[in-house]
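Just below is one structure, and these are the notes that go with it.
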Amino acid sequence: MAETDQPSGSTPEDEAPEVTASVTFMVPKKEISMVPDMGKWKRSQAYADYMGFILTLNEGVKGKKLTCEYKVSETVEKLLDLLGTLDQWINETPPVNQPSRFGNKAYRTWYAKLDQEAESLVSAVLPADKCAAAPEIAVYLKESVGNPTRIDYGTGHEAAFAAFLCCLCKVGALRVDDQLAIAFKVFDRYLLLMRKLQRTYRMEPAGSQGVWGLDDFQFLPFIWGSAQFIDHPTIEPRHLLEERVVNEHHPDYMFLDCIKFINEMKTGPFAEHSNQLWNISAVPSWSKVNQGLIRMYKAEISPKLKA
């Protein structure tokens, strides 16, 4: 896991690489401003590390349920506490009365608190000898929850959270044997937080392609969720359209949990409001679904992660 540039199917080292005292941390700044910058990003070590992180988790969750047994380390527990704190702040920051139905301005109050406390929250997660990394890593945490100006959220923000977790792996706070807990515990808790933010503050989808996009808000749980189903003896892609299957199995599978959330938030025929997912239901195998989603992510989503 810490060796995040591992190709799909490879075996990471048993221990994360040590970050030596000579490493200098810096607050990230936007480096992708024009189309030509995309080539530089895709050739960078950062891109290799990021996609390696995504693909390593993809391999790790294959054939496994959310409810399976796995190690939960102290760092993972601290990350859950961090997300729990952000959740509690939502309770303490109720929506305000305003003319507009969407983009409740109370979100900006909630975000301002995160902006102020992010470095201390991240420092509490890091080992004592890695706290110098907090200002750098905290930027990705702040970017992962949406935009306070537009009051929107989308797959670019989701990518920032994945980058946040990847950074924790790079500095050695998260280790190889945290793989399943990262996907099934931490990322799943993050999804619950984001759904609560979306519902509470009526956040707009950021950069949504509408009916031509996979989902208004998320992408990664569909990749990892399809990997969970690979070689499943009974559940096939066509079953994602069956309400009984979704309601019965969503606690075990990310993909179905996302479908359940969509069904709760949208009305009308599924083929109309979620056409891409409806098309996926016709794919013959979860392996093909997983491969196709990874290709789609590389082509359409990963460029949204600003280096």
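Values computed for the structure shown
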quantity: Selected residue (criterion: nearest to GLU74 (Cα to Cα)) from residues of the stretch 104-124 that are small (Gly, Ala, Ser) and in contact with a helix residue (DSSP H, G or I) (Cβ under 7 Å, 6 or more places away or on another chain); calculated: ALA124
quantity: SER287 assigned to a helix (DSSP H, G or I), small (Gly, Ala, Ser), open to solvent by 30 Å² or more (accessible area, probe 1.4 Å) and in contact (Cβ under 8 Å) with a residue 40 or more places away in the chain; calculated: yes
quantity: Out of PHE255, PHE270, sole residue that is at pLDDT 95 or above and hydrophobic (A, V, I, L, M, F, W, C); calculated: PHE255
quantity: Members of the stretch 87-112 that are assigned to a helix (DSSP H, G or I) and not small (Gly, Ala, Ser); calculated: ASP87, GLN88, TRP89, ILE90, ASN91, GLU92, TYR107, ARG108, THR109, TRP110, TYR111
quantity: Hits in the stretch 117-132 - residues which are at pLDDT 95 or above, surrounded by 17 or more Cβ atoms within 10 Å (Cβ to Cβ) and not acidic (Asp, Glu); calculated: ALA118, LEU121, VAL122, SER123, VAL125, LEU126
quantity: PRO221 vs. criteria at pLDDT 95 or above, within 23 Å of LEU57 (Cα to Cα) and outside any helix (DSSP H, G or I); calculated: no
quantity: Residue within the stretch 188-201 that is open to solvent by less than 10 Å² (accessible area, probe 1.4 Å), in the same structural domain as ASN58 (by the TED database) and more than 19 Å from the chain's Cα centre (by Cα) present; calculated: yes
quantity: Filtered residue count, the stretch 123-143, keeping only those that are in contact with an Asp or Glu (Cβ under 9 Å, 6 or more places away or on another chain) and not aliphatic (A, V, I, L, M); calculated: 2
quantity: Matching residues in the stretch 133-155 - criterion: being open to solvent by less than 20 Å² (accessible area, probe 1.4 Å) and either assigned to a helix (DSSP H, G or I) or of a type in the set (Ser, Thr, Tyr) (or both); calculated: ALA133, ALA134, ILE137, ALA138, LEU141, SER144, TYR153, THR155
quantity: Residue list for the stretch 224-251, filter: part of a helix (DSSP H, G or I) and open to solvent by less than 70 Å² (accessible area, probe 1.4 Å); calculated: TRP224, GLY225, SER226, ALA227, GLN228, PRO237, HIS239, LEU240, VAL245, VAL246, HIS249
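Rundown of residues vs (1) within 21 Å of the chain's Cα centre (by Cα); (2) without any contact (Cβ under 8 Å) to a residue 12 or more places away in the chain, yes/no style:
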site	(1), (2)
HIS250	yes, yes
PHE255	yes, no
LYS260	yes, no
LYS266	no, yes
TRP278	no, no
GLN291	yes, yes
ILE294	yes, no
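Okay, residues lined up against (1) surrounded by fewer than 19 Cβ atoms within 10 Å (Cβ to Cβ); (2) at pLDDT 70 or above; (3) part of a loop (DSSP other than H, G, I, E, B); (4) among the acidic types (Asp, Glu):
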| position | (1), (2), (3), (4) |
| --- | --- |
| ALA2 | no, no, yes, no |
| GLY9 | yes, no, yes, no |
| ASP14 | yes, no, yes, yes |
| ALA21 | yes, no, yes, no |
| VAL27 | yes, yes, yes, no |
| MET38 | yes, yes, no, no |
| ILE54 | no, yes, no, no |
| LEU57 | no, yes, no, no |
| LYS62 | yes, yes, yes, no |
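The values are calculated or read from the model by the stated rules, or taken from the named source; none is laboratory data. What you see is a predicted model, and the numbers here were worked out from it, not measured in a lab. All Cβ positions, glycine included, derive from the backbone under ideal geometry; neighbour counts span all protein chains shown. Ligands, DNA and RNA are excluded from the accessible area calculation, which covers all protein heavy atoms including side chains. Shrake-Rupley method; radii C 1.70, N 1.55, O 1.52, S 1.80 Å.
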